[in-house]
Amino acid sequence: MKPHLKSIWKIVLPIALVCIGLLIYFAHPGKATYPAEDKAYHDIWDTARRIYGDGRKNEALHFSDSMYALHTTVSPYGMYLKYTNLSLLYNKEGSLDKSAAYADSALNILVQNKLEQKYPGEYVHSLFAKADAL
């Protein structure tokens, strides 16, 4: 490698690593307080992820849709979870139109309820989910 490229990498690499670290830090959902009533939504996601991991993809989607439909009153954060989880499942399934619609809904829930500051990791995650589905 040429000497001038080595010196550039000595500057760029640490900056890139710091940026990645900050992104991971701010995208980590453990920093905010989450509504206790939304625990059911976390449980639904955990179960759907296990079902999906077992290779039962369609069952995971049907399970998620059915379980989320049972909950009629939920906080904006719970709605964010619902839309994000369904976006991820549909994305993995290759249904990018549905994935993009759910990702857009997740983003809108956060913005409309002014939750971007309270849940910055979730906000960043919803932006990535939307971009990933496009």
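Only the coordinates and a few stated rules stand behind these numbers; no lab work does. Keep in mind that this is a model prediction, so the values were computed, not measured.
What the table shows:
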{"read-out": "Total lysine pairs whose alpha carbons fall under 27 Å of each other in segment 32-133 (8 or more apart, or interchain)", "value": "22"}
{"read-out": "In order through segment 61-76: 3J(HN,Hα) via Karplus (6.51 cos²θ - 1.76 cosθ + 1.60), integer Hz, x for Gly, Pro", "value": "5, 5, 4, 4, 4, 5, 5, 5, 5, 6, 9, 9, 10, 8, 5, x"}
